[in-house]
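S.K.: This is the structure I have questions about; it appears just below.
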């Protein structure tokens, strides 16, 4: 026999101790009466002794039975033996409710969202369950959340949780949901013995059900579990068209205003590239989409900005479009650093969640770049006497209007204060740096800084690199001695990555690189993957290589793979904070003529401008995944409604963020540390319909069966489509047996009356020693 | 108990001596001596009898002297006139020997009426220190009254208080100091032991050489068979007996309502009982015992008086007086 509320049963049964305790304590309660005629009382008692004892026991029994009956009635027992009462064991039903971004799609005609439809069906199913049945609830919005698991007999609570469900902005995680349901159903023998069903309520669109990726066989070892799924729309039926903003990419991750006020910068607009995508059956037809791109200071109302507008005219069959628009950057403000949120928004369509896309862009009056080298006094020697630091300074600030501020740092005076406030640092004389200096630089890099290192021009043996590699955790082995290249070697124009730090000068690079020759080089042959070659030489060696924070972390962990927790999906995620660039040739004329060539200035400028943005890390994330937070932040507060999110020690949120929006990052003291934007998962929002047969075959994979189409999409033993008219028709098992609560309550009432009568006419008498 | 009139027909406050015989009145009186005087005066004035009537020593007859007679009893005047030896025979002594046996066993310590309630405001406990007017208080008041009355009539009075044996005793005497002695012995407190009337009677009879009136004042909470044996021995020795059985009204009614543990006063242990459940059975057992005691007494021709601690002492005293007179008559005729 099982009980709906076993805790109530045990609590009630424990209360049987009360009459027993009273029974035992009664003898200690009253002061004794001294009695002279005791012999006659004892004689009378002896005559009545047997009768009194029987009466006492009957009374105690009645009281205990009364409490036991009450406890059992409150526990709501169910008779599972088929022969005793009609009905059998209760059923277990797990409802996998799709609350992913795709569930926000609005139905044509009814105006009802897909989630509302799923919830209505779920409520019908739960309402049809009997008192002995149990229901579990798992929400698919990624990562899947087991809201009610293990299944609970408190069906009212399950209904309430279903009603409270709302669409997230994350992709559906059906695989995770099935694994959670499978684990709960196989958790105990009792769970295995109950007839169980898993009901999947989803549209199974391209975004919510990726049939190309097989499901894990989560229900493979549970042959008794039946899967009921809502029927996907037929491929031929009319579907919705959903236009998405999948990306918004500024030209540079950091906008430099040069300290000029916003109103005086008319005409100096930032170029932004916006990627749009169409999904759904309506892609075959043409259409027009209006796009608005606005830039606003973080925290300011975006509605206050007019922004730029553009129209996209879709050709029939066209699924993706890229639009370039100009946006006015906001002012950096008095502190010299701010963030701008670029927002791309399109007209309202069937699915609203993916109509907006946001991205954080840093805004600076000027970049502060430190050059760590000894100061030089005097100016004798002419151009050939210029040191690497001199060349770098010239390249960083070729004109007075260049929005880069150069800060000279003496190697002996290198400390945390000197590095504070810098976006980038050059180390052209690394042999002057001690181990503690490298440790400070490593901390600077981890905090989102760019470090450019080049070999010292005058050293013959290069032992300095050990400290750098150790402190920065670099996957490099730098040679001890420089290599002299007879006659020099030119730069390989084809080595520039189209999407790398130098991508903006990629078009001009062949003409710029042609006159450059490199005569001496340190360690080019010893540099190995996973560093990225930014610029190569014609002999196959590298002139400039970069290692990002994520790459260093991967090396430190000693693991392979790619992407890390956030991955690089949609080009949104940065590779982590911090960037180290190593120039294999010192920028002096004795090593290379690069400083005197036209390539020098654009190379240094691009390295700094793009590299500083890349090093600062990404401030945008995807809903359904943990988000990388700005350096030193501990808490993300949503702009608008929503719960705060704690940032873990690794600089990543402890849990996945399921809602799109803007989040303000604060540190332990509550000081603002930056802004993070989270966007809806566009891939999960694809509304293209899928063939029910293919979906059925895909679902069958969860049962460990060979993928194969369901014959005509009809029901079989283990997998069936949900009947819209009768959602509970296909559930395993029958409705649970009749509750015994009422008979037990009647028995308790009878016992209560019997107790009253017996207490009135029976008495208590016993002799003590 | 009869109601005591409080006003006369003329409307003046009635001075009814029976008022003194009520337990509440007795409880007010500090000493047993005073109690006894009040009791006796009250009884006698209530009965309109002189307590001193019939007190005399009369000449009976002469008989010829035979060898062995005590020459002290020779009537020398007859010898002078007739020169014959005659013995002068007097009527036998008209006074009697009264032996009082008062039970001081544990069960006599019970009393349901509080001393304070019985005595009115003021006294919260009796001489024994108990807060209730106990059966022992009642018994000692009765015994003192008997003794006082007998001594005033010239009787010799002896006293024994007993439980399982004699605890204290005073030999028979009619001397002036006897009254004080009796009072001091009655001031004993009850003991926690049960009574053993058989053993006590054996002890008492050993001291008696002539016929006596034995007044036993007790609750007789003991085996009736043993009582019968004891009374049989007294009868055999040709003594006369008054049995005055003192009980408490609550022992007769057992009118408890709430469940409580009852603890015996003679070490019987403790009994947790719902009184309502056992009342009927108890009253049957208790009534049967009283009946058996009375039947036993009557079967030997002895007087039996049932006295309740809540009732006045008139009936036992009247019974005592009547019995004394009857005994005296029998002595004269015998």
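S.K.: Between residue A:285 and residue A:322, what is the FRET efficiency for a Förster distance of 22 Å, r being their Cβ-Cβ separation, to the nearest 0.05?
M.R.: Plugging the Cβ-Cβ distance into 1/(1 + (r/R0)^6) gives 0.60.
S.K.: Pull out a ≥ b ≥ c, the square roots of the eigenvalues of the alpha-carbon gyration tensor of region B:132-187, then state rounded if a/c is under 1.5, prolate if not and a/b is larger than b/c, and oblate in the remaining case.
M.R.: Judged from the Cα gyration tensor, region B:132-187 comes out oblate (a/c at least 1.5, b/c at or above a/b).
S.K.: Can you tell me how region A:384-436 classifies by the Cα gyration tensor, rounded, prolate or oblate, using a/c under 1.5 as the rounded cut?
M.R.: It is oblate, given that a/c is not under 1.5 and a/b is not larger than b/c.
S.K.: Compute the distance in nm between two label points, each set 7 Å from the Cα along the Cα-to-Cβ direction, one at residue A:192 and one at residue B:199.
M.R.: Between residue A:192 and residue B:199, the simple spin-label model gives 8.1 nm.
S.K.: Now, a different point. What does the extension gain come out to for residue A:483 and residue A:408, with contour length at 0.36 nm per residue minus their alpha carbon separation?
M.R.: Result: 24.1 nm gained on full extension.
S.K.: Using a Förster distance of 35 angstrom, determine the FRET efficiency expected from the C-beta separation of residue A:649 and residue A:217, and round it to 0.05.
M.R.: Step by step, r from the Cβ atoms, then E = 0.50.
S.K.: Here is a further query. Round to a whole angstrom and tell me the spacing of the C-alpha centers of region A:167-222 and region B:177-246.
M.R.: Comparing the Cα centres of region A:167-222 and region B:177-246, I get a distance of 101 Å.
S.K.: Here's something else I'd like to know. I'd like the FRET efficiency for residue A:641 and residue A:154, computed as 1/(1 + (r/R0)^6) with the beta carbon distance as r and R0 of 30 Å, rounded to 0.05.
M.R.: 0.60
S.K.: Within 10 Å of each Cβ in peptide A:45-55, how many partner chain Cβ atoms are there on average? Round it to a whole number, please.
M.R.: That average works out to 3.
S.K.: Hey, rough spin-label estimate for residue A:671 and residue A:514, points 7 angstrom out along Cα→Cβ, what's it come to in nanometres?
M.R.: Rounded to a tenth, the inter-label distance reads 5.2 nm.
S.K.: Right, something else. Need one number: nm distance between label points at residue A:7 and residue A:460, each 7 Å from Cα along Cα→Cβ, rounded to one decimal.
M.R.: About 8.2 nm, to one decimal.
S.K.: Also, I was wondering about something else. From zero outward in steps of 5 Å, how is the percent of C-alpha pairs of region B:179-334 spread across the bins?
M.R.: Distribution as computed: 2, 7, 14, 18, 20, 17, 10, 6, 4, 2, 1, 0 percent.
Laboratory data are not the source of any read-out in this text; all were calculated from the coordinates shown. Quantities reported herein were computed from a predicted structural model and do not represent experimental measurements. Using ideal geometry, Cβ is built from the backbone for each residue, glycine included, and neighbour counts are taken over all protein chains shown.
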